[in-house]
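Any read-out appearing in this document is the output of simple, stated calculations on the displayed coordinates, not a laboratory observation. Fair warning: this is a prediction, and the values are worked out from it, not measured in the lab. No Cβ is skipped: glycine too gets one built from the backbone with ideal geometry, and neighbour counts run over all protein chains shown.
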């Protein structure tokens, strides 16, 4: 059975590339008292995926400054394969902003695919003493991208 991907999600996935940064199978240990996956579990994996993306852009050690605009869109269930897609949205002198799209694969043969979470995370590059440090390599500062409404994100 082919995987069904809603058209809007298919277009959004194109903005993130073809491969997720990480993919995790949700287990019973990840549930809240309602039996669904606890949001903190999703946030933890989201932070890991975003930090890998930021590390590529920073070229040195980084720390999480903030995770914002977290939107929990749909519940995640035990057995779902959850994919975390990332893209570098903006770089500054010492910071990297990463967008994360979280998608769940559900069904006997993972035939259902849907968006479950989205967020933005900001990381700061640090030196050996843990102080903010310039990004290494050739990473010119970028300007925020305008969204569909023209608003800067």
| Ellipsoid equivalent to segment 4-60 - semi-axes via the Cα gyration tensor, in Å | 24, 20, 8
| field | Paramagnetic reach from residue 15 in segment 69-92 [backbone N under 20 Å; point 7 Å along Cα→Cβ] | value | 69-74, 83-92
| remark: If the chain between residue 29 and residue 63 were fully extended at 0.36 nm per residue, the gain over the current Cα-Cα distance would be 9.5 nm
| task | Kindly put 9, 14 in sequence by how many other C-beta atoms sit within 10 Å of each C-beta, fewest to most. | result | 14, 9
